[in-house]
1. Pairs under 6 Å by beta carbon, first residue free of Cβ contacts under 8 Å to residues at least 12 places away in the same chain in region 115-126, partner in a loop (DSSP other than H, G, I, E, B) and aromatic (F, W, Y), six or more apart or different chains?
2. I'd like to know if region 120-137 contains one or more residues that are farther than 19 Å from L61 by Cα and crowded, with 18+ Cβ neighbours inside 10 Å.
3. Any chance you could count how many residues in region 71-100 are at pLDDT below 95 and polar (S, T, N, Q)?
4. Being modelled with pLDDT under 80, part of a loop (DSSP other than H, G, I, E, B) and in contact with a Ser or Thr (Cβ under 9 Å, 6 or more places away or on another chain), is that true of even one residue in region 211-218?
5. Those residues that are surrounded by fewer than 19 Cβ atoms within 10 Å (Cβ to Cβ), closer than 15 Å to D55 by Cβ and not aliphatic (A, V, I, L, M), I need them from region 173-210; list them, please.
6. Report those helices (runs of 4 or more DSSP H) wholly inside region 52-170 carrying at least 1 residues which are more than 30 Å from V202 (Cα to Cα).
7. Would you say A56 is among the aliphatic types (A, V, I, L, M), over 19 Å from T215 (Cβ atoms), out of contact with any Gly (no Cβ under 7 Å at 6 or more places or on another chain) and open to solvent by 50 Å² or more (accessible area, probe 1.4 Å)?
Amino acid sequence: WLRLQGVSLNTTVCYVKALRAIYNKVLRQCHAVDARPFDRLYTGQVRTQKRSVSDADISRLRGLLLRQDSPLALARDIFLFCLYAQGMPFVDAAHLQRSQISDGMIVYARHKTGERIVVRVEPCMQAIIDRYVDADSDFVFPILTTHDPRQSYRQYQSQLRAYNRHLHRLQKMVRLDCNITSYVVRHTWASLAYDSNVDLAVISSALGHTNPNTTRIYIRDIDNRRLAEANCKVLGRIL
């Protein structure tokens, strides 16, 4: 049924895994007889496309001339801020409050995992924060207007769709080869950090990953390139 709806293979796998986990949890709680409908079910996965952009791409995006009060300028500022802030997810940027910034540090808990993240506010980040100061709002960015969970969730979903549309327009304006989406920020920060010889454990901690294997997915392409470079060095000595 998911395939008929045009859902991708990896997303289908994610849904099926979630359904299986819920099913198994109910069986344990109800002490029911396990019919095991998921036995021998393997849907497979495909490798996702590269989701990071280069530092040269970031420079082109930063240099793009935009009207300051335009939605495109806001989307670019949020994208850059999230990149500067150790790959902060869009959901956390949307919910970021001024009270979470103190003594030059941002302290927040990731919405997805609850992991506590600490980010030092660099001048490039402060410049973006200052552009959106609003005395009537607790939020750093003009994304959400309410603290009510249901209303804020609807606002977040709507703003996320708009954000990705604006990023797609920005991608075309600077003629980038890869797609720019809300996911690209985290992959890009991880890739640039790893390429700058930052330790994998440090990258994992900065991203709030509880499992370092998740971080490895982000930087798989760089790993392959480094292996190729290492092999060239070995062959250079041999030949």
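1. Hits for this filter: zero, empty list.
2. No: zero hits.
3. Going through region 71-100 one residue at a time, the tally reaches 1.
4. Yes, region 211-218 contains a residue that is modelled with pLDDT under 80, part of a loop (DSSP other than H, G, I, E, B) and in contact with a Ser or Thr (Cβ under 9 Å, 6 or more places away or on another chain).
5. D177, C178, D195, S196, N197
6. 71-84, 123-131
7. It is true that A56 is among the aliphatic types (A, V, I, L, M), over 19 Å from T215 (Cβ atoms), out of contact with any Gly (no Cβ under 7 Å at 6 or more places or on another chain) and open to solvent by 50 Å² or more (accessible area, probe 1.4 Å).
The values are calculated or read from the model by the stated rules, or taken from the named source; none is laboratory data. Not measured: the values here are computed from a predicted model. Neighbour counts are summed over all protein chains in view; Cβ atoms, including those assigned to glycine, are modelled from backbone coordinates with ideal geometry. Heavy atoms of the whole protein, side chains included, go into the accessibility calculation; ligands, DNA and RNA do not. Shrake-Rupley method; radii C 1.70, N 1.55, O 1.52, S 1.80 Å.
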